[in-house]
Amino acid sequence: MHQLVQDYSQRSSLHHELHARPPIALWPEERVCSQAFLVSGQEEREMQVHWINQLMASTPEASRLASSPGYKLIQMAEPPARLLLRWELHGEFSTLCLFCQASTKDHNHDWSTSRQLLLQDFQLLLNNLGHPIPKNGFQNRIAATDLVIRPGPRVEDAAALSPLFSGNTLIGSSILGSLNAQVWTDLQLDSGGFVRLLVQHQGIGSRQAGRVAQRLIDTDTYRMMSMLSLPHAKSLSEPLKRAENELSHWANEMAQHQASQPENEATPHEQLLNGLSSLASKVEDWISMHGLRFTASEAYSELVRRALTELKETPITGVQTLSEFMDRRFEPAMRTCRWTQRRLRELSDRVSRMTQILRTRIEFMTERQNQALLASMNRRAQMQLKLQQTVEGLSLVVLTYYSVGIIQYLAKGAREMGVAVPIDLITAVAVPIIAIALLLALRQARKRFSVD
């Protein structure tokens, strides 16, 4: 049948984004090793994509469980020792995660040793396929999580599990809003640089176990990504304090100058403007260097809070929950970052306001000077007009004098020729006539120039 409606060109990709990273169904007894690596440039990103694509091409089609540009899921080994590899590429980091369905009882003896054996077997498998992990493509590890999921009874005393975590103080809770599953961890780095987590349950769904594993891994990964902004916040502490003091100094200088200096004194204003402009450039440089890091940290910390909320923790008597631990240990660092970001924004706003006030004052002073200059020019123009009128009056007298003289010479010449001419009478009559004629001519010329 003829299709009447045409889909948007990216509708399919946008729709399938809902299913791009589905939770992996886990067995009741599972080992999950996840590592996150910072991706510092396009070269590393392309190297990872090339490696995972080659690995996908060298494995049977049936083992390629999921594939999208930033997500690959490969079954590296068949049950009963099923081994899954998941690769994810995010904006700033990528993750390699192994899901091993096998007996995890050996971790009771040496958790780190059993994990090392698992990673060695995985490396050997990759070497046999001819595609070992490129060292230059996966470096700058930022997070590593070793999660064990196993069936077992509820544990009410944290001391019973403490030997599994080298005797460290444990954090734990019941999760999923029920008493059927517990999570335990010390949130310490072991000898291999991994954070160890134990989920002990009395029967939970495979998809439910997958979601729990993903939330716990997200909590640790996004926690570390959030902490990347803490060194930036600490490095800005003293510079921000000096900048705030400098801004207070310029504010005091502006207030004192406005109170004590005359309005037409522009040099101190120029010094203030130069100082504020230099400070504004410095603050904007800090915002451009660190602002994106603080914004990313805020987004990552929100993901941590969401992941902990979705675990639906219930306290175990005498044991601190993950949420409580994060509120007391992780949130202060995030508050430091948020406060530093707020200080940057407020300092930038204050510098902008002071600069605008100073510019307004300078513009006001310039306007007053312009008005004074225009008034002075107007007075000079009036003086020139009066002087010009005076000159015009003198010019009228001079022109009348010379014109009458010419007429008098003409009359004398006529008498010499024998014509009886009354010279004195002609001279007397010519004076007012010529003066009036010249006056009318000057007025006519003035009118013509004013119209033009």
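The values are calculated or read from the model by the stated rules, or taken from the named source; none is laboratory data. Keep in mind it's a predicted model, so treat the numbers as computed, not measured. Cβ coordinates were reconstructed from backbone atoms using ideal geometry, including for glycine residues, and neighbour counts include every protein chain displayed.
Out of all the residues in the range 202-232, which are free of Cβ contacts under 8 Å to residues at least 40 places away in the same chain and within 29 Å of the chain's Cα centre (by Cα)?
Within the range 202-232, just PRO231 meets the criteria.
Taking the options LEU85, LEU38, name whichever one is within 30 Å of the chain's Cα centre (by Cα) and surrounded by 13 or more Cβ atoms within 10 Å (Cβ to Cβ).
LEU38
Tell me the residue from LEU385, LEU439 that is surrounded by 10 or more Cβ atoms within 10 Å (Cβ to Cβ), in contact (Cβ under 8 Å) with a residue 40 or more places away in the chain and in a helix (DSSP H, G or I), please.
LEU439
Here are some conditions: (1) at pLDDT below 85; (2) touching a strand residue (DSSP E or B) at 6+ places or on another chain (Cβ under 6 Å). MET224 meets all but one. Which one does it not meet?
Against the list (1) at pLDDT below 85; (2) touching a strand residue (DSSP E or B) at 6+ places or on another chain (Cβ under 6 Å), MET224 comes up short only on (1).
Only residues that are part of a helix (DSSP H, G or I) and surrounded by 20 or more Cβ atoms within 10 Å (Cβ to Cβ): list them for the range 171-209, please.
Hit for the range 171-209 is ALA209, nothing else.
I need every pair where a residue in the range 362-379 that is in contact (Cβ under 8 Å) with a residue 24 or more places away in the chain has its Cβ under 9 Å from the Cβ of a residue that is part of a helix (DSSP H, G or I), sequence separation at least 6 or different chains.
ILE362/HIS269; ILE362/GLU270; ILE362/LEU273; MET365/HIS269
For the range 47-55, state whether one or more residues are closer than 26 Å to ARG141 by Cα, among the polar types (S, T, N, Q) and more than 30 Å from the chain's Cα centre (by Cα). Spell out how you get there, then give the answer.
At the first step, the residues of the range 47-55 found to be closer than 26 Å to ARG141 by Cα are 47-55.
Still in the running and among the polar types (S, T, N, Q): 48, 53-54.
Narrowing the set further to residues that are more than 30 Å from the chain's Cα centre (by Cα) leaves 53-54.
Checked the range 47-55: at least one residue is closer than 26 Å to ARG141 by Cα, among the polar types (S, T, N, Q) and more than 30 Å from the chain's Cα centre (by Cα).
Taking SER235 as meeting all but one of (1) touching a residue at least 40 places away in the same chain (Cβ under 8 Å); (2) assigned to a helix (DSSP H, G or I), write down the number of the exception.
All conditions pass for SER235, except number (1).
Table: residues versus (1) without any contact (Cβ under 8 Å) to a residue 60 or more places away in the chain; (2) surrounded by 15 or more Cβ atoms within 10 Å (Cβ to Cβ).
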{"residue": "SER58", "(1), (2)": "no, no"}
{"residue": "LEU65", "(1), (2)": "yes, no"}
{"residue": "PRO69", "(1), (2)": "yes, no"}
{"residue": "PRO80", "(1), (2)": "yes, no"}
{"residue": "LEU98", "(1), (2)": "no, yes"}
{"residue": "GLN116", "(1), (2)": "no, no"}
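In this structure, is GLU392 under 60 Å from the mean Cα position of the chain (by Cα), at pLDDT below 80 and either in a helix (DSSP H, G or I) or of a type in the set (Gly, Ala, Ser) (or both)?
So GLU392 does not fit the description; no.
Go through (1) surrounded by 13 or more Cβ atoms within 10 Å (Cβ to Cβ); (2) free of Cβ contacts under 8 Å to residues at least 40 places away in the same chain and name the single condition GLY393 misses.
(1)
Here's the yes/no breakdown for (1) surrounded by 13 or more Cβ atoms within 10 Å (Cβ to Cβ); (2) more than 22 Å from the chain's Cα centre (by Cα):
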position	(1), (2)
PHE325	yes, yes
MET334	yes, no
LEU347	yes, no
ARG350	yes, no
LEU358	yes, yes
ILE362	yes, yes
ASN370	no, yes
LEU374	no, yes
MET377	no, yes
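Restricting to the range 8-33, count the residues that are in a helix (DSSP H, G or I) and among the charged types (D, E, K, R).
The number of residues fulfilling the criteria is 2.
Could you identify the single residue in GLN202, GLN214, GLN188 that is out of contact with any helix residue (DSSP H, G or I) (no Cβ under 6 Å at 6 or more places or on another chain), farther than 25 Å from GLN116 by Cα and outside the structural domain of GLY318 (by TED's automatic domain parsing)?
GLN202
Which of the residues that make up the range 70-114 are touching a Cys at 6+ places or on another chain (Cβ under 6 Å) and modelled with pLDDT under 95?
Passing the criteria: only LEU83.
So is ALA243 over 21 Å from GLU30 (Cα atoms) and not assigned by TED's automatic domain parsing to the domain that holds ALA143 or not?
Numbers: over 21 Å from GLU30 (Cα atoms): yes; not assigned by TED's automatic domain parsing to the domain that holds ALA143: yes.
Yes, satisfied.
Tell me, yes or no, whether the range 296-311 has at least one residue that is over 24 Å from ILE171 (Cα atoms), free of Cβ contacts under 8 Å to residues at least 24 places away in the same chain and assigned to a helix (DSSP H, G or I).
For the range 296-311, residues over 24 Å from ILE171 (Cα atoms), free of Cβ contacts under 8 Å to residues at least 24 places away in the same chain and assigned to a helix (DSSP H, G or I): present.
List every residue pair whose Cβ atoms lie under 7 Å apart, where the two residues are 6 or more positions apart in sequence or sit on different chains, the first residue falls within the range 133-150 and is without any contact (Cβ under 8 Å) to a residue 24 or more places away in the chain and in the same structural domain as LEU38 (by TED's automatic domain parsing), and the second residue, located anywhere, is in a strand (DSSP E or B) and buried (at least 21 other Cβ atoms within 10 Å of the Cβ).
That search, which allows pairs on different chains as well, returns nothing.
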